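Everything on this sheet refers to the single structure shown next.
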Amino acid sequence: MEEGLTDVTFRTRGINPVMQSEAEITATLISELLPQLAAATMDKSRATDIGEIHFYGAGCTPMRRYVVEGALRSCFPNANLSIESDLLGAARALCGANEGIACILGTGSNSCYYDGVQIVQNTPSLGYILGDEGGGAMLGRRFLGDLLKGLLPDPVRMNFFEEYKLQMDAIIDRVYRQPMPNRFLASLAPFLVANRNVTEIHDLLVDSFRSFFARNISNYGRPELPVHFVGSIAYHFGVELVEAAREEGFWVGRIECAPLQGIADYHREN
């Protein structure tokens, strides 16, 4: 770290310009970020002194960046703004200025080939219905299918029903009728972590990650490059991820739970 620089971390609710309007994002910044910034700097006018902001987020496509830009501009009028996708943020956090393959494995999944400067190629993630192989929602979907079809050992099935207090009708309702079914499916990941040593769960995990490599990473045609990961699913299932990569002819580099520190390091160095 350069002399005189200090890291201060704040947390707010998530921001996504596909799901939220400029007004909603602005309200989040005003109610959650600015008070924390003022408290940390002991100066309520500090926002006007911010000179540079780098924002990385889901939904920050070229067609939607203006939503975030408008919200940030209203709160930080003098700042130079850079608004990029969460995938570029992951690539910069994981690879820095080096060539590599960068992946996100959280609720969903995404990946790209990064040349050390920019994303050169991206296999579309397509969401949890058409894609998102290896992501938390897909793991949950596969697990529930096996659970309800009786393909898992009885002790596992009994433990699940006892812990989650959900029977088939309630599960069907959560998946097909309630909002955000992908988040519900991904929320089952802790149960998979706790039962990862059960043969059927282990095979489910490795098979799902092998599908991620086969359907996403193989498209880049660069098996000699390290495949780096960021996200809670990659972080908690690193052992199974490495096994799947080896079976598909790839090798795993860095695995980080969150990209924030890596992004900060990237901007200090570049």
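The values are calculated or read from the model by the stated rules, or taken from the named source; none is laboratory data. Just so it is clear, the model here is predicted, and its values are computed rather than measured. Note: ideal-geometry Cβ built from the backbone for every residue, glycine included; neighbour counts use all protein chains shown.
Details
- Within the range 125-160, being out of contact with any Leu (no Cβ under 9 Å at 6 or more places or on another chain), part of a loop (DSSP other than H, G, I, E, B), surrounded by 11 or more Cβ atoms within 10 Å (Cβ to Cβ) and at positive phi holds for one residue alone: 126.
- Counting the residues of the range 166-220 that are more than 16 Å from residue 105 (Cβ to Cβ), in contact (Cβ under 8 Å) with a residue 40 or more places away in the chain and part of a loop (DSSP other than H, G, I, E, B) gives 1.
- When 247, 243, 163 are screened for being in a helix (DSSP H, G or I), modelled with pLDDT of 95 or more, surrounded by fewer than 16 Cβ atoms within 10 Å (Cβ to Cβ) and out of contact with any Asp or Glu (no Cβ under 6 Å at 6 or more places or on another chain), only 247 passes.
- Cross-chain or 6+ apart pairs with Cβ under 6 Å, the range 38-64 first and over 17 Å from residue 82 (Cα atoms) and basic (Lys, Arg), then modelled with pLDDT under 80 and in a helix (DSSP H, G or I): none
- Within the range 235-258, residues that are hydroxyl-bearing (Ser, Thr, Tyr) sit with their Cβ atoms under 9 Å from residues that are surrounded by fewer than 20 Cβ atoms within 10 Å (Cβ to Cβ), at 6+ positions apart or across chains, in these pairs: 235/256; 235/257; 235/258.
- Among the residues here, residue 125 does not qualify as modelled with pLDDT of 90 or more and closer than 23 Å to residue 19 by Cβ.
- Only residues that are within 22 Å of residue 120 (Cα to Cα), charged (D, E, K, R) and under 20 Å from the mean Cα position of the chain (by Cα) were counted across the range 212-255, and they come to 2.
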